[in-house]
Amino acid sequence: MTAMRQLVGEVLRARRMSQGLTLRDVSGKARVSLGYISEVERGQKEPSSELLAALASALDVPLSKVLLDVSSLLEVEEAAEAHIASVSSIARGAVSASAA
């Protein structure tokens, strides 16, 4: 499973890039160091709720929308993992049945 911080970073980076903003642009608006934002976007740092709010504001997007986007990615990932687990279970059962 992908760490939640990676999904948050993916959403923030996608939002920033879709607006044609640089890390420097967001850094100035959010009053957060460029390096720290880069680490958040790469999933290396877990942002606090205050930092998330500052970044969302700098990106001119409601924090709730950022969290909703993260939730949607997580839902897709969980569904894929459940599907893989189901297929693995079926495959193990088929191997057991053919060995009998």
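The values are calculated or read from the model by the stated rules, or taken from the named source; none is laboratory data. Predicted, not measured: the structure shown is a model, and the values here were computed from it. Ideal geometry is used to build each Cβ from the backbone, glycine not excepted, and the neighbour counts take in all protein chains shown.
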Query raised in the report: Consider Leu51 against the criteria (1) surrounded by fewer than 12 Cβ atoms within 10 Å (Cβ to Cβ); (2) closer than 18 Å to Arg5 by Cα: it satisfies all of them except one. Which criterion is unmet?
Result: (1)
Requested in this report: Taking Lys45 as the residue in question, decide whether it is in a loop (DSSP other than H, G, I, E, B) and basic (Lys, Arg).
Outcome: yes
Report task. Just need a number here: residues in segment 48-67 that are assigned to a loop (DSSP other than H, G, I, E, B) and either β-branched (Val, Ile, Thr) or within 14 Å of the chain's Cα centre (by Cα) (or both). Result -> 1
Requested in this report: Within segment 1-39, track down each residue that is among the acidic types (Asp, Glu) and either under 14 Å from Asp60 (Cβ atoms) or in a loop (DSSP other than H, G, I, E, B) (or both).
Outcome: Asp25
Query raised in the report: Out of all the residues in segment 29-36, is one or more over 26 Å from Ala80 (Cα atoms), at pLDDT 95 or above, surrounded by 17 or more Cβ atoms within 10 Å (Cβ to Cβ) and β-branched (Val, Ile, Thr)?
Result: yes
